[in-house]
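The values are calculated or read from the model by the stated rules, or taken from the named source; none is laboratory data. All values derive from a computational prediction rather than experimental measurement. So basically every Cβ, Gly included, is an ideal-geometry build from the backbone, and we count neighbours across all protein chains shown.
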Amino acid sequence: MSPWRILVIDDSPTIHKVIEHALKPAGMQLIFARDGTSGLSKARELKPDLILLDFIMPGMNGYQVCKALSDISELENTPIVLMSAKGETIGDKLVKTMGIVDYISKPFSPDALATVTQHAIEKFVEGGGDKPEETEPLLKVGDRSPDAAPTSADLSDPRGKAAIRGILGMIPPGDVFQLLKFQAQTGILHLARGQAHLEVFIREGGVAFARAQNVDEEFLLGRFLVETGALDAGDLEQFLQTRRGTSKLLGEQLVKTGHISREQLLEALEKQTEALMYEALRWGEGEFAFYVTEKLPAEAREADLHVPIDGIMLEGFRRVDEWGMVEKEIKNFDMVLSPARDSTGVIRRVELEPDEERILSLVDGKRTVKDVIRNSRRSSFDVCKILYRLLSARIIRKRSPREPAAEGGRKED
């Protein structure tokens, strides 16, 4: 029997070498292509038994290659194994669509790749197993008017032409952002996880604006107005009391009433947009849909922030890495923390940075981590980093569920 013919479509020479090292000893015939266009050409010519496909590539990306293959009658049944960077959270939520039968996350070991490839061959080539049927990866959608507020129950959008949609467990948010950047797309990206729903307005591969519903309070505009110094917390609270019952946008009201300038609003909107994007990069499950349109809504056109996706990715993945470290100590936001006391029961006074002092003052043995975040008016990322440092320095400690709540305030020696 002739060896199985494997077509590898990936722009990385390093990946080519890893695949060759993993599969050549098994007697497999390897064909390499450095981009989607040449990969399609070789697929038409050589009719491979299996395709190993990178998702993010310059020019034609993995999604477009899958779609093109599905439109070619002699190739539409060729099984595809997707290779996706930053895909550790894919888990079992594989989207069964357009010939994708399995996936592997980069970086992968030669043994892992050999196992995935052999399994795909045995099941879908040798065994003649049925390829996954094309399914609708999104929730059922209903009617949506162009001016309707975004909701996580409806990711359809008549304001644009449907271009790509899928499950974040298979295609991580970072890969989606990179795809839109590489293609210099303009349109509306919806991301939903649980009840949380994020709309990102993309202009020529950059982020013009983002807004969200059903997210934590820390992502509301007011926090960023305070954080950037446009308003102090007291003035914001007073203004919010006077606008109860109105549906008008907070930022526009503040500009019209002279509380802040247009420049201050744009600065806060940029910080808010960045924070929402950083949060989305952490979503290992959920759904997304992108709609192509040149007609972005007025709110996005007026903001037109030009936030570069490259910067979002660099900072966002740094935060994801730090979150991984922090979450080993702070496993949930319902945890209660207490000041640590010395052997005499006195809370020792130590020299801290002002932001550390502020967060420490909110740790009283009664408040949960969620309460501390809410009272600090800072991001959960910033607060949890400080709490992690204070825990590591044994300045605060985790309160046992059986321990009575503290009654007194902070003492100093």
Just for region 204-216: of the residues that are among the charged types (D, E, K, R) and surrounded by fewer than 20 Cβ atoms within 10 Å (Cβ to Cβ), which one is nearest to Met313 (Cα to Cα)?
Glu204
Options Ala300, Ala280: the member that is out of contact with any helix residue (DSSP H, G or I) (no Cβ under 9 Å at 6 or more places or on another chain) and in a helix (DSSP H, G or I)
Ala300
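One line per residue, one yes/no per condition, for (1) among the charged types (D, E, K, R); (2) surrounded by 19 or more Cβ atoms within 10 Å (Cβ to Cβ); (3) assigned to a loop (DSSP other than H, G, I, E, B):
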| site | (1), (2), (3) |
| --- | --- |
| Glu218 | yes, yes, no |
| Leu231 | no, yes, yes |
| Gln241 | no, no, no |
| Glu252 | yes, no, no |
| Ile260 | no, yes, yes |
| Ala268 | no, yes, no |
| Tyr291 | no, yes, no |
| Ile312 | no, yes, no |
Enumeration of residues in region 48-74 that are surrounded by fewer than 20 Cβ atoms within 10 Å (Cβ to Cβ) and of a type in the set (S, T, N, Q)
Gln64, Ser70, Ser73
Got at least one residue in region 32-44 being surrounded by fewer than 18 Cβ atoms within 10 Å (Cβ to Cβ) and aliphatic (A, V, I, L, M)?
no
Being over 26 Å from Asp321 (Cα atoms), modelled with pLDDT of 85 or more and not hydroxyl-bearing (Ser, Thr, Tyr) narrows it down to one of Gln213, Gln185, so name that one.
Gln185
Please tell me if Ala275 is under 27 Å from Asp382 (Cα atoms), under 29 Å from the mean Cα position of the chain (by Cα) and of a type in the set (A, V, I, L, M).
yes
If the requirement is being in the same structural domain as Ala212 (by TED's automatic domain parsing) and within 23 Å of Leu305 (Cα to Cα), which of these qualifies: Phe224, Phe239?
Phe224
Starting from region 294-319, take each residue that is within 16 Å of Arg282 (Cα to Cα) and list its partners that are assigned to a loop (DSSP other than H, G, I, E, B) and not hydroxyl-bearing (Ser, Thr, Tyr), counting only C-beta distances under 8 angstrom and pairs at least six apart or across chains.
Ile309/Gly205; Phe317/Lys86; Arg319/Arg282
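Residue-by-condition table, conditions (1) modelled with pLDDT of 85 or more; (2) within 28 Å of Phe201 (Cα to Cα); (3) outside the structural domain of Val215 (by TED's automatic domain parsing):
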site	(1), (2), (3)
Arg301	yes, yes, no
Glu327	no, no, yes
Val346	no, no, yes
Glu356	yes, no, yes
Ser361	yes, no, yes
Lys385	yes, no, yes
Glu407	no, no, yes
Arg410	no, no, yes
Asp413	no, no, yes
Of everything in region 326-340 that's out of contact with any Cys (no Cβ under 7 Å at 6 or more places or on another chain) and surrounded by 13 or more Cβ atoms within 10 Å (Cβ to Cβ), which residue is farthest from Ala192 (Cα to Cα)?
Ala340
Lys93 vs. criteria surrounded by fewer than 17 Cβ atoms within 10 Å (Cβ to Cβ) and modelled with pLDDT of 80 or more
no
Close pairs (7 angstrom Cβ cut-off, 6 or more residues apart or separate chains): without any contact (Cβ under 8 Å) to a residue 24 or more places away in the chain in region 372-401, buried (at least 20 other Cβ atoms within 10 Å of the Cβ) anywhere
Ser376/Ile359; Ser376/Val383
